[in-house]
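What follows is a set of notes on a single structure, which appears directly below.
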Amino acid sequence: MRRLNLLGVFAVAVLLLLLSSAPVLADEGEEGANFGGLAAFGVALIFTGTAYYALTKRRLFIEHRKGEPGIVVRPERPYITVFGPVYPMTIHHTFTVIGTLLALAHFATCTDYSTIGGGAGLGMAITLVLLNISGFYGRYIHIRIERTARKSEMRALKRLVVLLRRWKVFHVALVVVFLILLGVHLATVGD
């Protein structure tokens with residue numbers, strides 16, 4: 001078992017980001033900069049944060065443990081163990097908030113929402129904001145569940161668990177709406 005240096009991986013990621021930043025920021029449409037590349041990078045961050053959280057939550061392929069940064073790769077399941085100072089939920093929230101802000105820069109500079117692609121883009125922006133609000137509310141519910149469990153208040157705990165289940169259905173429904181709007185937006189907005 002060999003632990004890879006996360007600082008090195010982070011340095012390579014920052015270098016790649018810097019190398020790609022010039023073409024991303026120079027993305028210009030007919031009416032000036034529309035930050036389409038920035039939006040694409042933001043959506044990629046959102047997908048990365050969501051995928052990492054989903055994969056570590058079930059621990060099928062990746063396990064995340066608190067500790068000194070590093071990665072252990074082994075042949076048995078889970079195949080990869082990532083050590084880091086923060087929890088996967090924090091990574092998910094950070095990536096989705098940053099990704100949303102990057103995508104919103106694109107939506108804020110668009111001038112035509114009258115087309116199907118423009119309307120889908122506006123719908124995506126609204127859905128992203130709702131997803132972020134929903135995510136923070138879900139995190140609040142998680143914190144309440146942990147506190148209530150420590151106090152052994154079973155009636156309140158059962159209510160919160162039901163609330164969490166309902167929240168998950170709503171949150172996933174928003175994700176599905178976002179993905180549909182993304183598909184419509186990408187299919188109808190040409191270069």
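The numbers here are math on the coordinates, done by the rules we state, and not lab data. What you are looking at is a predicted structure, and each value in this text was computed from that prediction instead of being measured. Neighbour counts are summed over all protein chains in view; Cβ atoms, including those assigned to glycine, are modelled from backbone coordinates with ideal geometry.
What spacing in nm lies between the two simple spin-label points modelled at V189 and A40, each 7 Å away from Cα in the Cβ direction?
About 1.2 nm, to one decimal.
Put one equal scatterer on each alpha carbon of the range 29-88, apply the Debye formula with no solvent term, and list log10 I(q)/I(0) at q = 0.12, 0.24, 0.29 1/Å to two decimals.
-0.42, -0.96, -1.12
Rounded to the nearest 0.05, what FRET efficiency do V73 and S114 have when you use their Cβ-Cβ distance and R0 = 45 Å?
Details: r = 51 Å, r/R0 = 1.13.
The value I calculate is 0.35.
Share of antiparallel DSSP beta bridges in the range 62-191, in percent to the nearest 5? Display every interim value, and only then the final one.
Values: 4 of 9 bridges.
Once the DSSP bridges in the range 62-191 are tallied, antiparallel ones form about 45 percent.
What list of ³J(HN,Hα) values in whole Hz, one per residue of the range 49-54 in order, does the Karplus curve 6.51 cos²θ - 1.76 cosθ + 1.60 (θ = phi - 60°) give from phi, with Gly and Pro shown as x?
Rounded to whole hertz, the list is x, 5, 5, 4, 5, 5.
What FRET efficiency would be calculated for the residue pair R65, H171, taking the C-beta separation as r and a Förster radius of 25 Å, to the nearest 0.05? Write out the running numbers ahead of the final one.
Working: r = 25 Å, r/R0 = 1.02.
Efficiency, from the Cβ-Cβ distance: 0.45.
Multiplying the sequence separation of I143 and F83 by 0.36 nm and subtracting their Cα-Cα distance, what value in nm do you get? Spell out each step's value before the answer.
Working: separation 60, 0.36 × 60 = 21.60 nm, distance 2.26 nm.
Here the segment from I143 to F83 would lengthen by 19.3 nm.
For the range 151-191, what ratio Rg/Rh do Cα atoms give with a Kirkwood hydrodynamic radius?
For the range 151-191, the value is 1.41.
Check Y87: other-chain or 5+ apart residues with amide H under 5 Å from its amide H, H built from backbone geometry?
Amide H to amide H, under 5 Å and 5 or more residues apart or across chains, Y87 pairs with nothing.
Of L174, V162, A103, whose Cα points farthest to the positive end of the dipole of the range 40-191 (charges on the beta-carbon: +1 Lys, Arg; -1 Asp, Glu; origin at the Cα centre)?
Highest projection toward the positive end goes to V162.
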